[in-house]
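What follows is a set of notes on a single structure, which appears directly below.
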Amino acid sequence: MAWYILRVRLSHLNMNSDLTSSPYIGRFAPSPTGPLHFGSLVAATASYLDARANQGLWLVRMEDLDKPREVAGAAQDILDTLRSFGFQWDKEIVYQSQRNEIYQQLLMQLISQDLAYPCACTRKTIQTLARVGIDGPVYPGFCRDGLPADKRPRTWRLRVIDNNVEFEDRVQGRQSQILSQQVGDFVLKRADGLFAYQLAVVADDALQGITHIVRGADLLDSTPRQIYLQQQLGFNTPEYAHIPVATNLHGEKLSKQTRAQPVKLRDSGAVLCRVFQFLGMQPPAELAHIGLDALWDWAITHWQIQHIPKKRRQITLIPSENDQR
Ligand code: GLU
């Protein structure tokens, strides 16, 4: 559907799209599932430096849709941490938990185009009967042509096609994926009534006018789904750059589950220097002590996205258990 119609539809929600004419609008979109750890600080830093080095805007969006996974106080904690590391965002923070009406409108639009359909399959049925794909089971399409007579809808899915979705990632290079073979029709609205990440992220990136996405390579395999969804909704596709995910010595992504420690607020200069090194930069030793403003100036001047290692994962030192915030 054309932008015009979508904007008219959204206007009554007073959440109109914000199509600023800036040629670069980047963002950091944390999920408040815990405090900021080294891995999420890397993602924040890479997106921030890329935006600032390109004279762009940088927005923060709190991806707090999944209430069951949210940790109380984490959203505020993340924002406070970003602030104390010297990040400065442009515009007000957007909270996904306040945008259900927008996601519902977009879902209705996809339903009216016969692109989205209700599905009655349980997770268990799918897990038992489906082939394993790039990100869990590939939905076998049982409800594609209508729900069985005695079944109620549980989820809403997007109909995908056999075409290859291709894109050029600024770090990882050329990527391609055949959604029908590697993912299958994917969920837009979950059985618990929550909107799926894929729909919300596409909606918000488009409505916030995001032109450049820099984020962890754990989301590389989701990108073709997002590009396909953008195409169905008539949205532009941003430029993508997927940076290596920070892992511990066991190769596990730093996260709450792998007991990643919150980043230290003391010695923020030294911590940021480690982040810069992770991103392929070579900060001089004295940079850690010159103050945050000068440190960010140095990093913005020296930012070269082509220096980021072209890996999906990269080991970092496990922060010591004794590190205090
Ligand atoms: N909220 C997601 C996360 O914290 C990131 C989404 C994105 O950058 O697209 O993993």
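All of the numbers you see were taken from the coordinates with simple rules; none came from a lab. All of these numbers come straight from a predicted model, not from anything done at the bench. In this analysis, Cβ positions are derived from the backbone assuming ideal geometry, glycine residues included, and neighbour counts consider all displayed protein chains.
General observations
- Cross-link table Lys67/Lys253; Lys124/Lys310; Lys151/Lys256, entries beyond 32 Å C-alpha to C-alpha: Lys124/Lys310; Lys151/Lys256
- Those residues of the stretch 158-190 whose amide nitrogen sits under 16 Å from the label point placed on Val132, 7 Å along Cα→Cβ: 182-183
- Angle between the chain longest axis and helix 74-84 axis [Cα atoms, degrees, rounded to 10]: 30
- Magnitude of the charge dipole, the chain, Cβ model with Lys/Arg +1 and Asp/Glu -1, debye to 20: 800
- Along its three principal directions, the equivalent ellipsoid of the stretch 45-191 from the Cα gyration tensor extends over semi-axes of 35, 21, 15 Å, largest first.
- Reciprocal mean inverse distance between Cα atoms of the stretch 17-131 - Kirkwood radius, Å: 16.8
- Going from the residue with the fewest nearby Cβ atoms within 10 Å to the one with the most, Leu249, Leu129, Leu233 rank Leu249, Leu129, Leu233.
- Leading residue at positive end of dipole, the stretch 252-310 (Cβ point charges), from Pro262, Gln304, Ala285: Pro262
- For the chain, Cys121, Cys273 have no disulfide-compatible partner, since no other Cys C-beta lies under 4.7 Å from theirs.
- For the stretch 87-158, the Kirkwood radius over C-alpha pairs fed into Stokes-Einstein at 4 °C and 1.567 mPa s yields D = 88 µm² per second.
- DSSP beta bridges fully contained in the chain are about 55 percent antiparallel.
- Karplus (6.51, -1.76, 1.60) ³J(HN,Hα), θ = phi - 60°, over the stretch 33-48, in Hz, Gly and Pro reported as x: 9, x, x, 5, 10, 4, x, 6, 5, 4, 5, 4, 5, 4, 5, 5
- 3J(HN,Hα) from dihedral phi, the stretch 294-300, Karplus parametrisation 6.51/-1.76/1.60, rounded to Hz, x for glycine, proline: 5, 5, 5, 4, 4, 5, 5
- In degrees, nearest ten, helix 100-112 long axis to first principal axis of the chain (Cα): 40
- Dipole moment magnitude, nearest 20 debye, the stretch 207-306 about Cα centre, only Lys, Arg, Asp, Glu C-beta charged: 380
- With 5 Å bins from 0: P(r) over the stretch 96-137, alpha-carbon pairs, percent: 5, 18, 15, 14, 18, 22, 8, 0
- For the stretch 51-73 versus the stretch 150-167, the gap between their alpha-carbon centres in whole angstrom: 27
- Calculated diffusion of the stretch 131-268, Stokes-Einstein form, Kirkwood radius summed over Cα pairs, 20 °C and 1.002 mPa s, µm²/s: 125
- Taking every alpha-carbon pair under 8 Å whose residues sit at least 6 apart, the stretch 57-128 reaches a relative contact order of 40 percent.
- Amide H within-cut-off set for Lys189, under 5 Å, with H built and near neighbours excluded: Trp156, Ala196
- Of the peptides 30-41, 108-119, the order by per-residue mean of other Cβ atoms within 10 Å, starting with the highest, comes out as 30-41, 108-119.
- The string of couplings for the stretch 270-282 from the Karplus curve (6.51, -1.76, 1.60, θ = phi - 60°) is 5, 5, 5, 4, 5, 4, 4, 4, 4, 8, x, 9, 10 Hz, one whole number per residue in order, with x for Gly and Pro.
- Rounded to two decimals, the Cα radius of gyration of the stretch 216-279 over 2.2 N^0.38 Å is 1.51.
- Expected 222 nm ellipticity per residue - DSSP helices of 4 or more, -39500 (n - 2.57), all of the chain, to 500: -9500 deg cm²/dmol
- Taken over the stretch 223-325, the alpha-carbon convex hull comes to 153 cubic angstrom per residue.
- Amide H contacts of Val171: His242, each under 5 Å away and 5 or more positions distant or on a separate chain (H built 1.01 Å from N in the peptide plane; Pro and chain starts excluded).
- As a calculated quantity, the FRET efficiency between Asn100 and Ile290 at R0 = 56 Å, using C-beta atoms, amounts to about 0.80.
- Cα extents of the stretch 109-192 along the three principal axes, largest first (Å): 47, 31, 23
- The stretch 184-263 and the stretch 126-142 have their alpha-carbon centroids 20 Å apart.
- Overall Cα dimensions of the chain - principal axes, largest extent first, Å: 69, 44, 39
- Partner aspartates and glutamates whose Cα lies under 14 Å from the Cα of Lys264, excluding those fewer than 8 positions away in the same chain, are identified as Asp77, Asp80, Glu321, Asp323.
- Amide hydrogen proximity for Gly209: with H placed 1.01 Å from N in the peptide plane, the residues at 5 or more positions away or on another chain lying under 5 Å are Asp18.
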